[in-house]
Number of protein chains: 2
Amino acid sequence: MKAETISVGTELLLGEITDTNATHISQQLAAIGVDLYYRHNVGDNLQRLTGVLRTALSRSDVIVLSGGLGPTADDITRDGIAGITGRPLRRDAAAVEHLKRFFAERGRVPTESNFKQCEAPEGGKLLPNTCGTAPGLFVEHEGAWIFAIPGPPPEMREMLRLSVLPRLVERATAEGGGRLYSRVLRLADIGESNVANLLEDVIEGQTDPTIALYASPGEVKIRLAGKSPDEAAATQRLDAMEALLRERLGAHVYALDEDVMETAVGKLLRERNATLATAESCTGGLLASRVTDISGSSDYFLGGVVSYANEAKIGVLGVPAGVIEEHGAVSEPCARAMAEGVRRCMGADWGVATTGIAGPTGGTPEKPVGLVYMAVAGPGGTICQEQTWPGTRDQFKQRVTQMALNLLRKQIIADGE
Amino acid sequence: MKAETISVGTELLLGEITDTNATHISQQLAAIGVDLYYRHNVGDNLQRLTGVLRTALSRSDVIVLSGGLGPTADDITRDGIAGITGRPLRRDAAAVEHLKRFFAERGRVPTESNFKQCEAPEGGKLLPNTCGTAPGLFVEHEGAWIFAIPGPPPEMREMLRLSVLPRLVERATAEGGGRLYSRVLRLADIGESNVANLLEDVIEGQTDPTIALYASPGEVKIRLAGKSPDEAAATQRLDAMEALLRERLGAHVYALDEDVMETAVGKLLRERNATLATAESCTGGLLASRVTDISGSSDYFLGGVVSYANEAKIGVLGVPAGVIEEHGAVSEPCARAMAEGVRRCMGADWGVATTGIAGPTGGTPEKPVGLVYMAVAGPGGTICQEQTWPGTRDQFKQRVTQMALNLLRKQIIADGE
């Protein structure tokens with residue numbers, strides 16, 4: 001199956017937003033073994049969209065459009081598909097009812113332009129939108145499958161997952177190429193070239209599953225993949241390779257597939273029936289926010305304190321004023337006192353703390369931008385790690401929270417041994 | 001001048017990296033008034049690159065390729081341009097000398113494949129690379145300009161700045177189109193279709209500047225743009241249109257251009273020399289994290305409490321246990337007590353609180369997933385707003401923090417009146 005994507009929106013061509021939808025769709029298609037050969041961006045212009053669609057239809061089996069499904073006149077994706085396939089738009093009665101209900105539940109009244117979103121090309125289907133008002137479209141036309149999904153990333157992701165990928169998996173399986181089975185091992189605390197060295201012979205000898213390394217910010221991923229009509233056999237081969245890699249890489253493997261560091265930490269806490277509290281200075285709440293991104297985290301996360309001002313460190317967390325006077329707020333003693341303080345004040349089994357200089361301002365020669373102390377207080381005592389990570393403010397917050405969670409993960413594991 | 005970009009690299013089509021080069025090139029072209037109508041990604045495949053190049057040459061004045069200029073066999077951009085223009089590759093003697101020197105200075109010896117980078121299509125120019133080994137290419141062919149620049153972002157940016165944009169500015173000025181001037185108004189608390197209705201006559205009558213609406217999660221943007229050789233005149237027209245739109249849309253306009261809600265709130269607090277503290281349940285730290293995404297936020301942000309467990313609400317924030325027993329943690333009285341509690345315990349001028357059900361689990365018929373109470377406590381008293389926003393957990397957190405910050409923004413403004 002050959003695929004092609006088209007992201008629609010003038011804001012992309014002006015560089016106002018980055019096309020992260022294309023990245024996500026690419027990853028998801030790759031994961032199910034669909035070959036993506038072209039991606040395009042066009043603006044809110046019907047003639048240019050039609051031209052790109054025509055070329056895509058002439059060579060691809062699957063076309064995934066994103067964006068341009070809104071209610072206004074410059075939302076042209078519906079018209080583009082209707083035009084190129086010669087299928088006039090028809091209003092869907094069930095979708096009209098759904099839209100009315102959606103607005104009523106929010107105490108609002110839809111305008112006439114909203115109902116444009118309830119139209120599908122003749123013979124096509126509307127795809128339900130579980131997080132917004134714009135339904136997607138699915139049209140089969142002369143052997144090609146055309147999907148149109150919304151531009152806002154959360155809506156795009158959900159619709160791709162629920163309405164696009166299952167259809168593609170079914171078609172791939174029916175066409176007999178066998179399904180693609182894959183697994184991703186996620187590694188912390190180790191660089192790509194070190195992983196490559198440790199696995200040199202395994203990578204050279206790879207056949208089924210194949211092995212590929214990817215470096216992303218703050219982690220390295222190893223992707224195992226193989227195509228097979230037989231799920232049990234494929235799973236067995238993936239299991240065997242995973243076991244071999246875990247033997248080589250040990251605790252660097254922190255999670256599988258979609259699980260992120262906060263998922264891994266949550267699982268460990270849940271298994272041990274243990275609770276967590278966070279104390280943050282430089283990460284400003286992002287650590288707590290990542291922990292609570294996991295549904296059900298209220299089972300183990302009691303709460304956190306963002307102690308930006310020194311008064312909050314002293315008054316709420318009970319950091320001794322003398323510690324800050326003597327060592328400063330960005331120091332190992334302060335990080336330790338914060339972790340211990342939040343553990344105590346929230347009554348948690350584990351306390352994690354961050355204090356550092358996120359920048360771009362606030363650095364000094366002794367304490368430069370990027371300096372951070374991360375502490376973990378637990379049943380067996382408190383540890384602290386110092387790091388310096390220059391980078392943007394966003395990057396710094398992401399990296400520090402990743403490393404602090406990994407430090408916690410390793411301490412929880414060590415505590416049980 | 002009509003332009004088109006092509007990013008070359010299989011890693012893009014697999015979603016291993018996001019095409020931020022395309023975003024940067026788009027921004028830079030928009031800033032000098034070059035109309036970018038298409039962007040494409042193709043993999044390291046000569047046939048498919050050639051196909052896309054052929055189409056681009058048939059309709060565009062300027063084509064900017066990025067990536068595929070490295071020394072290995074899968075770097076195909078040079079061959080693609082040579083093939084489509086019928087101009088064989090010629091080795092450039094000066095570039096060969098430069099490359100030998102570059103390697104010698106680093107104590108290394110170039111391999112034969114490195115010299116591939118010294119080849120340009122006949123009649124074309126090599127563009128100097130100030131941060132790496134791969135030179136870029138510039139070829140004029142039948143009236144079209146083809147630029148090829150490297151994929152690594154720092155090299156791409158420098159070559160674009162030094163060798164591509166100056167040539168385009170010169171051509172644009174010669175052709176008399178003028179520079180592009182633009183401004184973005186960001187709106188809160190109003191949907192795209194409502195904005196469209198309020199501005200119907202303005203949008204229909206648009207000439208210079210042009211007006212375009214974009215909906216992104218939690219906000220609507222209005223982009224004004226006009227081309228002019230005269231900066232003062234262009235600015236005057238943008239100012240006049242902005243004034244008209246502000247008259248229609250009032251306090252819905254919360255910021256301009258790159259400023260986000262947390263920037264707008266930060267500016268208001270800074271102007272008034274006021275301080276802020278946050279108390280979060282369902283947003284789990286994201287509210288504090290957004291506030292602290294702004295460099296310098298330590299000037300007005302004192303700290304926050306993520307009171308996930310009821311004990312934290314009672315113990316740290318001082319929410320009366322009776323309030324939670326009687327009304328529940330997700331209730332207006334609890335939200336009010338949290339906002340007032342954090343304002344008191346951090347000693348801040350303003351306290352903002354969120355409590356709700358982020359889902360996907362935890363909902364009941366009386367208190368469904370998506371229900372949230374947001375409260376703002378300030379010098380003039382406390383207000384609270386109830387909303388229900390079904391959606392994913394991420395979306396919920398984003399929307400609630402956006403709305404809570406907007407509620408705070410409106411209260412700060414009202415407080416001064």
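A few points about this structure:
- Elements of type strands (runs of 3 or more DSSP E) in segment B:208-298, at least 3 residues being outside the structural domain of B:Thr401 (by TED's automatic domain parsing) and over 21 Å from B:Gly416 (Cα atoms): B:210-216, B:219-228
- Residues (polar (S, T, N, Q) and buried (at least 16 other Cβ atoms within 10 Å of the Cβ)) located in segment A:362-394: A:Thr382
- Considering residues of segment A:12-22 that are buried (at least 23 other Cβ atoms within 10 Å of the Cβ) and facing chain B (nearest Cβ under 9 Å) only, the residue farthest from B:Leu12 (Cα to Cα): A:Leu14
- Scanning segment B:277-305 for residues that are among the β-branched types (Val, Ile, Thr) and surrounded by 23 or more Cβ atoms within 10 Å (Cβ to Cβ) yields B:Thr278, B:Thr283, B:Val291, B:Thr292, B:Val305.
- When B:Ile84, B:Ile63 are screened for being of a type in the set (A, V, I, L, M, F, W, C) and either farther than 20 Å from B:Val164 by Cα or not assigned by TED's automatic domain parsing to the domain that holds B:Ser163 (or both), only B:Ile84 passes.
- Which numbered condition B:Leu165 fails, given (1) part of a loop (DSSP other than H, G, I, E, B); (2) of a type in the set (A, V, I, L, M, F, W, C); (3) closer than 30 Å to B:Ile222 by Cα: (1)
Table: residues versus (1) among the acidic types (Asp, Glu); (2) within 14 Å of another protein chain (Cβ to nearest Cβ).
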{"site": "A:Ala335", "(1), (2)": "no, no"}
{"site": "A:Gly341", "(1), (2)": "no, yes"}
{"site": "A:Asp349", "(1), (2)": "yes, yes"}
{"site": "A:Thr354", "(1), (2)": "no, yes"}
{"site": "A:Pro360", "(1), (2)": "no, yes"}
{"site": "A:Gly381", "(1), (2)": "no, no"}
{"site": "A:Asp394", "(1), (2)": "yes, yes"}
{"site": "A:Thr401", "(1), (2)": "no, yes"}
{"site": "A:Asn406", "(1), (2)": "no, no"}
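- Residue identified as among the hydrophobic types (A, V, I, L, M, F, W, C) and farther than 28 Å from A:Ala225 by Cα among A:Leu127, A:Leu160, A:Leu165: A:Leu127
- Restricting segment A:306-333 to residues that are among the charged types (D, E, K, R) and within 12 Å of chain B (Cβ to nearest Cβ), the residue that is surrounded by the fewest Cβ atoms within 10 Å (Cβ to Cβ) is A:Glu311.
- Among the residues making up segment A:143-158, those that are more than 14 Å from every other protein chain (Cβ to nearest Cβ) and buried (at least 20 other Cβ atoms within 10 Å of the Cβ) are A:Ile146, A:Phe147, A:Ala148, A:Ile149.
- Residue, farthest from the other protein chains (Cβ to nearest Cβ), within segment B:50-69, restricted to residues that are over 13 Å from B:Glu4 (Cβ atoms) and surrounded by fewer than 21 Cβ atoms within 10 Å (Cβ to Cβ): B:Thr50
- Pairs are defined by a Cβ separation below 8 Å, a sequence spacing of at least 6 or placement on different chains, a first member in segment A:236-264 that is among the hydroxyl-bearing types (Ser, Thr, Tyr), and a second member that is part of a helix (DSSP H, G or I) and surrounded by 13 or more Cβ atoms within 10 Å (Cβ to Cβ); the pairs so defined are A:Tyr254/A:Met261; A:Tyr254/A:Ala264; A:Tyr254/A:Asn406; A:Tyr254/A:Arg409.
- Filter pass, B:Ala95 being closer than 21 Å to B:Ala82 by Cβ, in contact with a Cys (Cβ under 9 Å, 6 or more places away or on another chain) and surrounded by fewer than 20 Cβ atoms within 10 Å (Cβ to Cβ): yes
- When segment A:307-332 is filtered for residues that are in contact with a Cys (Cβ under 9 Å, 6 or more places away or on another chain), of a type in the set (D, E, K, R) and over 15 Å from B:Gly304 (Cβ atoms), only A:Glu332 remains.
- Qualifying position, being more than 38 Å from the chain's Cα centre (by Cα), closer than 22 Å to B:Met159 by Cα and among the acidic types (Asp, Glu), among B:Asp92, B:Asp75: B:Asp92
- Restricting the first member to segment A:281-300 and to residues that are within 27 Å of A:Gly328 (Cα to Cα) and within 7 Å of another protein chain (Cβ to nearest Cβ), and the second to residues that are in a loop (DSSP other than H, G, I, E, B) and acidic (Asp, Glu), the beta-carbon pairs closer than 9 Å and six or more apart or on different chains are A:Gly284/B:Asp293; A:Leu286/B:Asp293.
- For segment A:331-341, the count of residues that are over 30 Å from B:Val369 (Cβ atoms) and of a type in the set (Lys, Arg) is nonzero.
- Of all residues in segment A:23-49, those that are more than 7 Å from chain B (Cβ to nearest Cβ), within 23 Å of B:Leu49 (Cβ to Cβ) and without any contact (Cβ under 8 Å) to a residue 60 or more places away in the chain total 2.
- The criterion of at least 2 residues that are modelled with pLDDT of 95 or more and out of contact with any strand residue (DSSP E or B) (no Cβ under 8 Å at 6 or more places or on another chain) is met, among helices (runs of 4 or more DSSP H) falling completely within segment B:1-91, by B:46-59, B:77-85.
The values are calculated or read from the model by the stated rules, or taken from the named source; none is laboratory data. Please read these numbers as outputs of a predicted model, since none were measured by experiment. Note that each Cβ is placed from the backbone with ideal geometry, even for glycine, and that neighbours are counted across all protein chains shown.
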